[in-house]
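S.K.: I'd like to ask you about the structure that follows.
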Amino acid sequence: MHTSVEHVRVGFIGCGRITDLQVLGYLDHPRAEVLAVCDSDQGLAQRRAREWRAPKVYGDIEALLRDADVNAVEIALPHHLHRDVAVAALQAGKHVSLQKPPTLTLAELDDVAEAAKSAGRSVRVLENFMHYPPHVKAKELVEEGVIGAPLSVRLKTAAGRFEDGWRVPASSQQWRMNPDLCGGGPTCFDHGYHCYNMGRFFIPEPVERVHAWIHVNRFGADSFYDGPAMITWKYAGVPKFGSWEVIASIGMRVRSKYYASDDRMEIHGTEGIIWVNRCTGLLLDEPALVVYRDGETRAWHDIPTDWAESFRLAGYEFIEALIEGRQPQQNIPDARETLRFAIAANLAAREGREVRLDEVGADTRALLPIAV
Ligand SMILES: NC(=O)c1ccc[n+]([C@@H]2O[C@H](COP(=O)([O-])OP(=O)(O)OC[C@H]3O[C@@H](n4cnc5c(N)ncnc54)[C@H](O)[C@@H]3O)[C@@H](O)[C@H]2O)c1
């Protein structure tokens with residue numbers, strides 16, 4: 001239980017590409033507002049302040065953290081900055097929402113946990129797939145036993161032509177091409193965090209071991225794509241497996257209002273199957289959610305499916321947790337387990353062997369695979 005707040009007055013630290021969506025909950029919620037913005041790109045910070053009607057604009061993070069009227073921060077920075085900025089924000093008495101992947105290593109995340117404990121403030125790691133309405137509904141159906149006991153999760157990411165979808169500024173790509181800043185590759189570490197988290201979301205047993213092929217496609221000296229990839233894992237103590245496949249169809253158009261890629265998944269149980277047919281994009285014109293059981297197929301057509309909704313709901317969850325003085329969903333121990341999974345998968349690909357999650361040390365990094 002943390003001290004509750006009457007009204008959430010958030011400061012955005014980092015106002016880049018994803019904050020278009022990350023801000024939605026704050027713009028909408030009657031007990032929240034964007035009070036301040038900060039970005040080292042001053043033009044961008046000014047533009048965001050106008051768009052979000054934020055009264056205060058800061059050029060450096062320390063100045064925003066000194067603002068006593070800001071009681072929470074959204075951190076949307078390149079990953080190598082997450083630990084230091086989260087710790088400083090907590091020490092300044094702010095509640096923290098930290099974009100995924102939370103940090104580069106487990107030790108860094110432990111520092112954030114320690115700072116939260118000392119400050120008596122909340123931290124949540126924003127993983128929006130957990131809030132995507134078709135995923136929420138699928139989880140509800142799994143928990144109701146609609147497909148019996150869940151046995152397997154299979155995810156597939158289809159990436160298409162880069163020029164489709166929304167415009168991603170070069171600056172947003174640049175730091176992702178440097179594993180020292182990104183923590184690993186843009187697909188199998190950065191985006192992968194969502195998929196590893198989904199592998200954990202639908203099956204209750206902890207993930208124990210992982211194996212991975214990750215092919216690194218290089219485009220010149222400064223650019224690469226860490227895909228195609230095939231990552232498989234085993235859950236502890238039970239014969240249950242999961243898998244995630246990444247396919248880069250560089251000539252295929254993926255209809256999307258956001259990134260030009262889409263994620264689909266399939267959850268098999270002892271008595272049925274659930275399919276979630278979209279997420280970030282709009283690849284297939286199929287119902288968002290389909291369940292097969294007892295020879296019957298049922299489709300859900302009326303669930304909100306716009307990816308942006310997952311961010312709005314994630315914003316609401318954080319705001320309401322702060323108002324109620326409770327820990328938001330996606331606490332640090334849970335995020336730590338997903339991070340450990342992400343690092344283990346990359347290690348498995350790099351070393352060409354199966355890796356147990358408990359081999360991931362405090363300082364182990366998700367080094368880029370060399371070759372398959
Ligand atoms: N949940 C999702 O689906 C999702 C999608 C995309 C990105 N993200 C996460 O959001 C975060 C940001 O990603 P992005 O794509 O918006 O990146 P981005 O590069 O577009 O934005 C980062 C912003 O941080 C600013 N910045 C960098 N250093 C700074 C500093 N020292 N002080 C102030 N500002 C600074 C940059 O100017 C930039 O505007 C990352 O953690 C990323 O993984 C999550």
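S.K.: Counting only helical runs of four or more DSSP H residues, what would the 222 nm mean residue ellipticity of the chain come to if each run contributes -39,500 (n - 2.57) and the total is spread over all its residues?
M.R.: -9000 deg cm²/dmol
S.K.: To continue, here is another question. Could you work out the mean projected area of the convex hull around the alpha carbons of the range 21-83, in square nanometres to one decimal? Each step should come with its number before you reach the end.
M.R.: On the way: hull surface 18.2 nm².
Projected over every direction and averaged, the Cα hull of the range 21-83 covers 4.6 nm².
S.K.: Further, regarding this structure: Please arrange LYS94, LYS139 by accessible surface area, largest first, computed with a 1.4 Å probe and ligands excluded. Numbers along the way, then the final one.
M.R.: On the way: LYS94 5, LYS139 55 Å².
The residues order as LYS139, LYS94, largest area first.
S.K.: Going by accessible area, probe 1.4 Å, with all protein chains left in place, what is the ranking of ASP39, ASP302, largest first? All intermediate terms of the calculation are to be shown ahead of the outcome.
M.R.: On the way: ASP39 20, ASP302 125 Å².
Heavy-atom accessible area, descending, gives ASP302, ASP39.
S.K.: Just the number, please: Stokes-Einstein D of the range 116-168 in µm²/s, Kirkwood Rh from C-alpha pairs, 25 °C, 0.890 mPa s.
M.R.: D, rounded to a whole number, is 161 µm²/s.
S.K.: Largest first, how would TRP244, TRP175 line up by accessible area (1.4 Å probe)?
M.R.: Most to least solvent-accessible, the answer reads TRP175, TRP244.
S.K.: For LEU106, tell me the accessible area in Å² from a 1.4 Å probe, rounded to the nearest 10.
M.R.: Accessible area of LEU106: about 0 Å².
S.K.: What number in nm² do you get for the chain if you take the convex hull of its Cα atoms and divide its surface by four?
M.R.: The directionally averaged projection comes out at 18.0 nm².
S.K.: Enumerate the whole-percent occupancy of each 5 Å bin, from 0 to the last occupied one, for all C-alpha pair distances of the range 110-246.
M.R.: Reading the bins upward from 0: 2, 8, 14, 17, 18, 15, 13, 9, 4, 1, 0.
S.K.: Straight-line reach from LYS234: which lysines have a Cα under 26 Å away, not including same-chain ones fewer than 8 places off?
M.R.: LYS100, LYS137, LYS139, LYS156
S.K.: Report the charge-dipole magnitude of the range 258-364 in Debye, nearest 20, computed about the Cα centre from +1 at each Lys and Arg Cβ and -1 at each Asp and Glu Cβ. Don't jump to the answer; show the numbers that get you there.
M.R.: On the way: 11 positive and 21 negative charges, 53 e Å.
In total the dipole reaches around 260 debye.
S.K.: Moving to a separate point now. Considering only DSSP beta bridges where both residues belong to the range 48-180, give the percentage that are antiparallel (nearest 5).
M.R.: 0
S.K.: Using only alpha carbon pairs under 8 Å that are at least six residues apart, calculate the relative contact order of the chain and give it in whole percent.
M.R.: 21
S.K.: Quick one: divide the alpha-carbon radius of gyration of the range 1-115 by 2.2 N^0.38 Å and tell me what you get.
M.R.: Working it through for the range 1-115, the quotient is 1.00.
S.K.: If ligands, DNA and RNA are left out, what is the accessible area of ILE250 with a 1.4 Å probe, given in Å² to the nearest 10?
M.R.: It works out to around 140 Å².
S.K.: Now, a different point. Counting Lys and Arg as +1 and Asp and Glu as -1, what is the net charge of the other residues whose Cβ lies under 12 Å from the Cβ of SER152?
M.R.: The answer is +1.
S.K.: Could I ask something else about it? For a quick check of understanding: with a 1.4 angstrom probe and all protein chains in place, what accessible area in square angstrom does HIS211 have, to the nearest ten?
M.R.: Number for this one is 50 Å².
S.K.: Here's something else I'd like to know. Just for the chain, what percent of DSSP beta bridges are antiparallel, to the closest 5?
M.R.: 60
S.K.: Find the centroid of the Cα atoms in the range 108-181 and in the range 1-73, then give the distance between the two in whole Å.
M.R.: The distance from the Cα centre of the range 108-181 to that of the range 1-73 comes to 21 Å.
The values are calculated or read from the model by the stated rules, or taken from the named source; none is laboratory data. Here the structure is a predicted model, which is why all the values come from computation and not from measurement. All Cβ positions, even for glycine, are placed from backbone atoms using ideal geometry, and neighbour counts span all protein chains on display. Heads up: the accessible areas ignore ligands, DNA and RNA and are worked out on the full protein's heavy atoms, side chains in. Shrake-Rupley method; radii C 1.70, N 1.55, O 1.52, S 1.80 Å.
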